[in-house]
1. If the chain between D503 and S262 were fully stretched, how many nm would it gain, using 0.36 nm times the residue separation less the Cα-Cα distance?
2. Computing the accessible area with a 1.4 Å probe over protein heavy atoms, can you report the carbon and sulfur percentage for segment 26-201?
3. Under a crude label model (7 Å from the Cα following the beta-carbon direction), how far is R277 from K445 in nanometres?
4. Which Cα, out of W125, G61, I84, lies furthest along the positive dipole direction of segment 26-201 (beta carbon charges, K/R +1, D/E -1)?
5. In terms of Cα to Cα distance under 27 Å, which lysines are near enough to K72, apart from those fewer than 8 places away along the same chain?
6. Just the C-alpha atoms of segment 221-533: what Rg/Rh do they give, with Rh taken as the Kirkwood radius?
7. Under 12 Å from the Cβ of G365, count the other residues' Cβ atoms, weight Lys and Arg +1, Asp and Glu -1, and hand me the total.
8. When the gyration tensor of segment 26-201 is built from Cα positions, what are the square roots of 5 times its three eigenvalues, in whole Å, from largest to smallest?
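The values are calculated or read from the model by the stated rules, or taken from the named source; none is laboratory data. The model shown is predicted, which means the values in this text are computed figures rather than measured ones. Don't worry about glycine lacking a Cβ; one is built from the backbone with ideal geometry, like all the others, and counts go over all protein chains shown. Note: areas computed on protein heavy atoms with side chains; ligands, DNA, RNA excluded. Shrake-Rupley method; radii C 1.70, N 1.55, O 1.52, S 1.80 Å.
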Amino acid sequence: MIYKRLGVLCGLFLFPLLVPIDIAAATSVNGLDDRNVLITYYGTNDETLANVYFLDSTLSGLFEHVEIIDLKSVRKADIEKQDIIIYYATKEGANIEKLNLFTDFKGEVLGVGKEAKTLPQFRDWEFLGMKSIHRIGDFELNYPIDLLSVKPSATARVLVEGQQFSKEYPVMIQDGRNSFITISSLFAEGRNVISAAFFDLFQLTKPNTHPAYIRLEDISPMSDPKYVYEAADYLLDRDIPVYLAIIPVYVNPESDEIVTLSDKPKLTKVLKELVDRGAYVISHGYTHMYGNEQETGEGFEFWDSILNQPITTINPKDKPEKIMTEDQFLNNKEYEQYIQGIERIETEYINGKLENSIHSLTRLGLAPTAFEAPHYTMSSNGYQVTSHYFSAIFGQIQATDKDWQVMFSPLFISKPSLLNGMILYPETIGFVDPASSNPILDIEKSLNQVLQVPGSVIGGFYHPYLGKEYGLDYLKQMVALIENVPNVEWIELKNEKHVVKTDLVEIVTSGNGEIEVKSELSWLTIIKDKFAEDSLEKYLWIIVIVTAIFVMLFIIHIVTLRMRYRKRLFKETKHG
């Protein structure tokens with residue numbers, strides 16, 4: 001495949017590296033409450049940050065103004081402008097002076113976690129110690145979780161209860177303007193019950209519709225166009241929007257095989273036809289793999305899954321090294337400089353990958369309107385970089401820079417702080433997993449849990465390659481489950497305001513049902529992208545270019561000699 005792509009014009013030069021352009025924050029989530037919400041917290045461990053990010057991603061789907069400030073950075077002015085304050089703490093030792101800043105706050109206060117009881121608002125509450133529950137509301141937990149037992153006052157109301165055998169304990173309790181969630185883990189099994197209870201807790205209007213989408217996942221140059229077309233055609237015929245999660249380049253590190261979409265004209269033709277019929281393209285990375293890990297579609301791309309850490313090398317052939325810890329440095333300054341160096345490498349790597357993905361797709365008439373990280377894995381710095389290119393992202397959120405498996409998905413379309421302005425369209429019901437004994441039952445169980453939450457998103461995905469063995473049976477059953485939901489509304493991205501942008505491409509959905517594509521891609525960019533796809537091809541191109549230059553010089557030399565010879569011959573004839 002590599003050699004076939006060398007038959008183009010010679011005498012080209014390398015294109016300079018592109019610089020990302022910040023996207024204007026013109027996107028927003030519709031119909032949100034305009035009260036100001038502050039989430040503050042004490043502790044920096046992964047569990048704390050994951051729960052804080054879950055609260056933020058959930059509440060930013062309900063409120064227009066949500067900000068996160070750690071307790072040590074909170075000032076009196078930060079508190080005074082808020083309508084609602086949420087304090088998360090599971091660790092002892094919070095600064096008393098900082099906690100006392102909240103004493104005179106007159107708005108609503110929600111404490112979360114066993115150590116949130118140290119806020120002034122809860123000093124008169126009667127806490128009874130730690131207990132364990134196996135049920136929250138009507139939801140049976142797979143594993144028991146700990147709970148801080150509290151005795152409700154005569155004026156308090158219990159919004160959510162937990163249960164251990166026949167004994168019941170408050171999980172969410174409200175007494176006037178002050179409320180408390182007695183469990184510490186919110187983003188795992190209890191997320192549906194807690195998310196639903198927020199509507200009553202904060203007196204929010206409950207939506208009567210459920211936004212929904214189905215992604216056709218992991219479409220790469222190796223995908224069979226027959227099964228891609230059949231799955232998408234079925235959805236389009238039912239007026240269901242199609243989201244094509246496309247990987248432009250296939251790489252097999254074991255065989256060094258590289259295949260691009262341009263090498264697959266039949267598949268490209270099918271994808272373009274589907275886009276012409278209204279399908280949306282989601283950039284699902286560039287190669288969906290990193291270094292010498294698994295092949296495209298199986299490997300990761302924006303996270304080192306072998307070392308379980310952020311990206312540390314730009315060249316895929318370079319062997320990554322384990323990121324050092326703070327205790328391996330003499331002081332914090334040296335450690336921070338080291339981490340900044342790692343982030344610069346990661347930033348350059350991600351810039352190149354995202355630009356190559358956007359450019360290669362746009363060049364083929366498959367302009368992307370959103371992004372999805374392979375396996376949903378990406379560091380916090382990675383999200384910052386990605387937000388310079390995309391305003392919409394699909395999937396789940398990685399909550400920590402230390403472990404990709406600490407991941408969650410809120411239930412609302414939201415604008416989490418971690419995503420730096422990007423709007424998240426969450427995946428909430430899973431996918432058709434052929435390894436399961438009953439994949440449709442799995443989806444149905446997830447769907448029923450999601451439907452407990454007013455306005456929750458019904459988001460799932462399906463792999464078109466399943467059509468080879470199962471036909472469209474699984475897809476039809478998945479669609480039937482969703483279509484049976486009352487007041488389901490399929491998400492049409494073209495009716496929202498979004499931007500995908502590099503310095504050469506701008507793709508805009510202005511909310512009026514149209515997608516506008518502006519492209520200044522040239523043959524120079526094509527060559528630059530080709531170089532990025534494959535280091536071997538880079539050297540072959542250099543050989544071609546150098547050879548072409550010598551051939552051109554040789555031709556010029558021959559022409560010059562002939563002209564001189566003809567000129568001399570003319571003079572000799574004239575004077576002969």
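1. Values: separation 241, 0.36 × 241 = 86.76 nm, distance 2.27 nm.
Residue separation times 0.36 nm, minus the Cα-Cα distance, leaves 84.5 nm.
2. Details: 3510 of 7760 Å².
With neighbouring chains kept in place, the figure for segment 26-201 is 45 percent.
3. Using points 7 Å along Cα→Cβ, the separation is 3.4 nm.
4. W125
5. Result set, ordered by chain and number: K81, K91, K98, K106, K114, K117, K333, K402, K415.
6. On the way: Rg = 19.7 Å, Rh = 20.5 Å.
Answer for segment 221-533: 0.96.
7. Working: positive: K269, K272, R363; negative: E273, D276.
Around G365, the charge tally is +1.
8. Working: eigenvalues 118, 75, 49 Å².
Each semi-axis is the square root of five times an eigenvalue, giving 24, 19, 16 Å.
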